[in-house]
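Reviewing the structure listed below.
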Amino acid sequence: MDARTYDLIFICRPATPEEEVDKMIATLTHAAQEKGGTVEKTEKWGTRKLAYKVAKHREGIYVYLALHGTHGEMIHELERRLKVADVVIKYMTIRTDEELKRQRKLAGRRERRAARRPRKQAAPPAADQAPAEMGAAD
Amino acid sequence: MTERNDENIQGQPETPAAAETPATAPAESTAPPAATPAPEGAPSRPQGGPPRREGGGFRSGGPRREGGPRREGGPGGGPGGRRPRKQYFRKRKVCRFCVERIDYIDYKKSDVLQSFVQDRGKVLPRRLTGTCSQHQRWLITAIKRARNIALLPFAQEL
C-alpha cells in the first residue's frame, strides 16, 4: 500500500491548561506510532476565535498534526481517542497525499516547461559555437 | 410657440417633463432629450428594465460602476439605456491563484479564503472574483474544510 499522509486538527476547550494539550499530543503521537505511523509535524496554533459556537465555546485551542501512515486503522484509533477525550471539542482528519501528489505533478510540469523555454533562446549561441569549432578544425 | 405661451400663462410657469396634453408633447420634446414615443413608459425603462437585464454584466464590473449607467440612462430615455454598454469596458479579471501559481489551496489559510467569501459566509461566485474554474473547484473544497474545523463560518449571524 502506498504511504498516506493526513492532516489532523483538533480543538481543545479554551480553559484547557497547556500541560493537558501537550499530554493529548503525546497520547496521539504514541497511538500513531503503535499503528505504524509517524507524526511529521506538530503545530500549536494557540487560542483562536471559532467561526461559530462549538460546545458553547466561542474560542478554542487549535492543534495541528501532520501524519504519515500506511492504512486507515491508525486514523480510526486516533479519532476514537479524540472522541473520548473530554478536552477536545472538535477534530478533523483529512487525507492529503493525493492532493500533494497533484501539486508535485503540476509543479514538475511547470518546471519542465520553464526549462524548455530557455533552450530555444540558447539555440543561437550554440549555432555560433558550431562554426567556431569548424574554424578551429580547419 | 404661441400655444405653449398661452398654456404657461394659464397653468404653471414651468411645465414638468410629463406631457399632460398631446399638443404640448411635440413642442417640449425639442428642449429635453426625453423620448417622444412614450413619455410615460420611457422613465420606467432605465430604472427598472436595463439594470435587470444587464445586471450580471454591470455587477461583475464592480459595484461602483452600477451608479454610472443609471445616472446616464435616466435623462437619456430609451437610447440612453443602451449607450453605457459601449462606454464601459469591463476590466478583464485574472484568476488570482493562477497569477501566483498556486497548485494547492490550503484550507488552513483562513485569511486567504476569507476574501473569497461574503460577509455572511457564502462563497463568492467566479464572475465576481475572476477565479478560473479549476481553482474555484479547489477553493470550494478548501472553504468547506475550513468550515468544518470552525475556521470559516457556515452562516455568519450579523
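The values are calculated or read from the model by the stated rules, or taken from the named source; none is laboratory data. This one's a predicted model, so the numbers in the text were calculated from it and none came from an experiment. We place every Cβ from the backbone using ideal geometry, glycine too, and count neighbours over all the protein chains shown.
Summary table below
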item: Elements of type helices (runs of 4 or more DSSP H) contained in segment B:87-158, each with 1 or more residues being within 23 Å of A:Ile9 (Cβ to Cβ) and among the aliphatic types (A, V, I, L, M); result: B:110-114, B:133-148
item: Lone unmet requirement of (1) outside any helix (DSSP H, G or I); (2) over 19 Å from the mean Cα position of the chain (by Cα) for A:Ala66; result: (2)
item: Residue in segment A:71-92 that is within 14 Å of chain B (Cβ to nearest Cβ), buried (at least 18 other Cβ atoms within 10 Å of the Cβ), within 13 Å of the chain's Cα centre (by Cα) and modelled with pLDDT of 90 or more present; result: no
item: Hey, A:Ala26 away from chain B (no Cβ under 13 Å), in contact (Cβ under 8 Å) with a residue 60 or more places away in the chain and of a type outside the set (D, E, K, R) or not; result: no
item: Verdict on A:Gly60 being of a type outside the set (D, E, K, R), touching a strand residue (DSSP E or B) at 6+ places or on another chain (Cβ under 9 Å) and within 11 Å of chain B (Cβ to nearest Cβ); result: yes
item: Positions within segment B:121-145 being buried (at least 20 other Cβ atoms within 10 Å of the Cβ) and in contact with a strand residue (DSSP E or B) (Cβ under 8 Å, 6 or more places away or on another chain), in sequence order; result: B:Leu139, B:Ile143, B:Arg145
item: Pairs with Cβ under 8 Å, 6+ apart, first in segment B:145-158 and among the small types (Gly, Ala, Ser), second part of a helix (DSSP H, G or I); result: B:Ala146/B:Ser110; B:Ala146/B:Leu113
item: Cβ-Cβ under 6 Å pairs, at least 6 apart or on other chains, segment A:72-87 side touching a residue at least 60 places away in the same chain (Cβ under 8 Å) and closer than 18 Å to A:Val54 by Cα, far side of a type in the set (Asp, Glu) and part of a helix (DSSP H, G or I); result: A:Val87/A:Glu20
item: Residue list for segment A:15-60, restricted to those being loosely packed, with under 15 Cβ neighbours inside 10 Å, touching a His at 6+ places or on another chain (Cβ under 8 Å) and not in a strand (DSSP E or B); result: A:Gly36
item: Among (1) within 14 Å of another protein chain (Cβ to nearest Cβ); (2) at pLDDT below 90 - the single one A:Thr16 does not satisfy; result: (1)
item: Filtered residues of segment A:93-112 (kept if surrounded by 13 or more Cβ atoms within 10 Å (Cβ to Cβ) and among the basic types (Lys, Arg)); result: A:Arg95, A:Arg102
item: Qualifying residues in segment A:37-57 (those that are within 10 Å of another protein chain (Cβ to nearest Cβ) and touching a residue at least 40 places away in the same chain (Cβ under 8 Å)) - the one farthest from B:Leu151 (Cα to Cα); result: A:His57
